[in-house]
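Structure, as structure tokens:
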Amino acid sequence: MPKKPKLGQNFLVDENACIRIADALGDVSTRTVIEIGPGHGAITGLMAPRCARLHCIEFDPALARELTFRFRNDTHVTIHNADILSTDLSALGTSLDIVGNLPYYITSDILLHLFRFAREGILRRAVLMMQREVAQRIAAAPGISDYGPLSAFTQLHALVTELFTLPPSAFNPPPDVYSTVLRLDFAPRFTELNVDPEGFNKFLRASFMQKRKTLANNLRTAGYTGVQLEVAWPSSIPAQARSEAVSLEAMAELYRALVSAG
């Protein structure tokens, strides 16, 4: 009988897909790679001979023990029985690449955790597999219905490339959804947009607080007054625009005007 899913686990068993994921990281022969959720090590086995250092973050104690035994002779491979959300990636290196099959139920949390380290400049690239619908939201452009806060936050921190999509049959046990692999080339845009990270991130969260509200109404709910918004409102944003229709450049223009207006 196939192994029942534990902790939301669906293990990738498509060998060709594993190779494509490993290849998508590029040349990592001199680099440190972090693997999130290695499971039984399908991708780990490909990455180990390719990279200079490999840290695998596995939450399941039984799987961590299995991997520790399997890679016991690979001195450059370290298995961490840990939660990625509480792992300080800066302690593992100063220039890191990430690979992983993200659990569906905490994909957004993991991405936000990675963005924190991207802002610190220690992440170069990530190749991540996730539920297809989440990947579509991440890659969506402003003005498309899928565009939302996760799209904005991801595109603020990285260049997003959709690589390929896998059917449920590529996994054991098969999930109820299709999965898509994305490549994120980290390039935080705060300097380019001339905004401070902490303040602009808070502003974006407020802007997307309620999807059905207009941007102006969301910002009023967040505490901005009508007068402040009227004075700062740029001509590039229609008065009744919703946040999902506004580009990051226009969002930054409005934020800078509000900051300047006090």
query = Mind checking whether some residue in segment 165-181 is open to solvent by 20 Å² or more (accessible area, probe 1.4 Å), β-branched (Val, Ile, Thr) and part of a strand (DSSP E or B)?
reply = yes
request  = Run Ala62 past the list (1) surrounded by 15 or more Cβ atoms within 10 Å (Cβ to Cβ); (2) out of contact with any strand residue (DSSP E or B) (no Cβ under 7 Å at 6 or more places or on another chain); (3) of a type in the set (Gly, Ala, Ser); (4) not in a loop (DSSP other than H, G, I, E, B) and report the number of the one that doesn't hold.
outcome  = (1)
note = When segment 21-43 is checked residue by residue, the ones that are assigned to a helix (DSSP H, G or I) and out of contact with any strand residue (DSSP E or B) (no Cβ under 6 Å at 6 or more places or on another chain) are Ala22, Asp23
Leading residue by the ranking (least open to solvent (accessible area, probe 1.4 Å)) among those in segment 222-262 that are within 21 Å of His157 (Cβ to Cβ) and among the polar types (S, T, N, Q) = Ser243
message = So Ala187 passes all but one of these: (1) surrounded by fewer than 17 Cβ atoms within 10 Å (Cβ to Cβ); (2) in contact (Cβ under 8 Å) with a residue 40 or more places away in the chain. Which condition number does it fail?
response = (2)
task = Could you please give the count of residues in segment 67-87 that are closer than 23 Å to Thr30 by Cβ and either part of a loop (DSSP other than H, G, I, E, B) or modelled with pLDDT under 95 (or both)?
result = 6
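Conditions tested, residue by residue: (1) closer than 16 Å to Ser151 by Cα; (2) modelled with pLDDT of 95 or more; (3) touching a Ser or Thr at 6+ places or on another chain (Cβ under 6 Å).
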site: Asn194; (1), (2), (3): no, yes, no
site: Arg205; (1), (2), (3): yes, yes, no
site: Arg212; (1), (2), (3): no, no, no
site: Leu219; (1), (2), (3): no, yes, no
site: Ser236; (1), (2), (3): no, no, no
site: Leu254; (1), (2), (3): no, yes, no
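The values are calculated or read from the model by the stated rules, or taken from the named source; none is laboratory data. Just so it is clear, the structure is predicted and the values come from calculations on it, not from any experiment. Backbone-built Cβ (ideal geometry, glycine too); neighbour counts: all protein chains shown. Heads up: the accessible areas ignore ligands, DNA and RNA and are worked out on the full protein's heavy atoms, side chains in. Shrake-Rupley method; radii C 1.70, N 1.55, O 1.52, S 1.80 Å.
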